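A.B. asks: Please read through the structure below; I'll follow up with questions.
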Amino acid sequence: MAEDKPTDDSKELNDAAVNGDQPSKPVKRKSGARLLLLLAGIVVLAFAIAVVGYDYFAGTANKSSTSTSTSSGPSVGGPFELVGQDGKTVTEKDFDGKYMMIYFGYTYCPDVCPTALSDMATALDAIDPEKAAKVQPIFISVDPARDTPEHLAEYVSFFHPRLIGLTGSEKQVKEAARAYRVFYRIGEPQSDDPQDYLVDHTSIIYLVGPDGKLVTHFSHGTTPEAMAERLGKLL
Ligand code: NI
């Protein structure tokens, strides 16, 4: 979900609210109110799009727990079988005994994935190095058609020296995403080039414990500082 800018929308809404509060002629107030309604509608829609993946996740996790931040709900995560940067099969067992910090996305993502990955890297670099060393940061592509192992290897190196990229067959990626309650949808081509498309996807960073169970997740927009603080306490 790369193209939503809730902040800008809320600013517009605030501006509209200020205008609507100004004493003016009834006609103007009415059109002001209409504008406000319209803007409110846009904000609600943008917000709904922004959190659709999160709701998908939270809706499931909330059935038995009011907190989505603990592993007490129904299982999120679990076994996966993917393909590593060297083209070899990688499963969750390869990270046994380590924490995994997992983010699903795609390398052609215009801004959401780069932001999340760079925040994740910043947070890891901000905590005690001994704690950081317990964590394997992992980027899982939801766009295996374009994200080859070689391409992923180059991409992840821009963010963090220890970040690894995993991809796989369509089926493998689908199953891994399902396990983590990650929603994604390949968009229509934006030009004559069939490879020119965006991918809608959930933007959540998962922290999985050495036992393979979900420890917590970081919602999109969590600052690196807040992430580092929570990681420092959890690791
Ligand atoms: Ni993205």
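Conditions tested, residue by residue: (1) farther than 18 Å from residue 218 by Cα; (2) in the same structural domain as residue 97 (by TED's automatic domain parsing); (3) more than 16 Å from the ligand (Cβ to nearest atom); (4) more than 15 Å from the chain's Cα centre (by Cα).
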| site | (1), (2), (3), (4) |
| --- | --- |
| 171 | yes, yes, yes, yes |
| 186 | yes, yes, no, yes |
| 201 | no, yes, no, no |
| 204 | no, yes, no, no |
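A.B. asks: Shifting gears a bit: Does residue 170 count as over 16 Å from residue 78 (Cα atoms) and surrounded by fewer than 23 Cβ atoms within 10 Å (Cβ to Cβ)?
C.D. replies: In short, yes.
A.B. asks: Still on this structure, I have one more. If you check 119, 55, which single one turns out to be within 16 Å of the chain's Cα centre (by Cα), within 22 Å of residue 216 (Cα to Cα), among the charged types (D, E, K, R) and at pLDDT below 90?
C.D. replies: 55
A.B. asks: State the number of residues belonging to the range 105-159 that are among the β-branched types (Val, Ile, Thr), in contact (Cβ under 8 Å) with a residue 60 or more places away in the chain and more than 16 Å from the ligand (Cβ to nearest atom).
C.D. replies: 3
The values are calculated or read from the model by the stated rules, or taken from the named source; none is laboratory data. Bear in mind the structure is a predicted one, so any value in this text is a computation, not a measurement. Note that we place each Cβ from the backbone using ideal geometry, even for glycine, and neighbour counts take in every protein chain shown.
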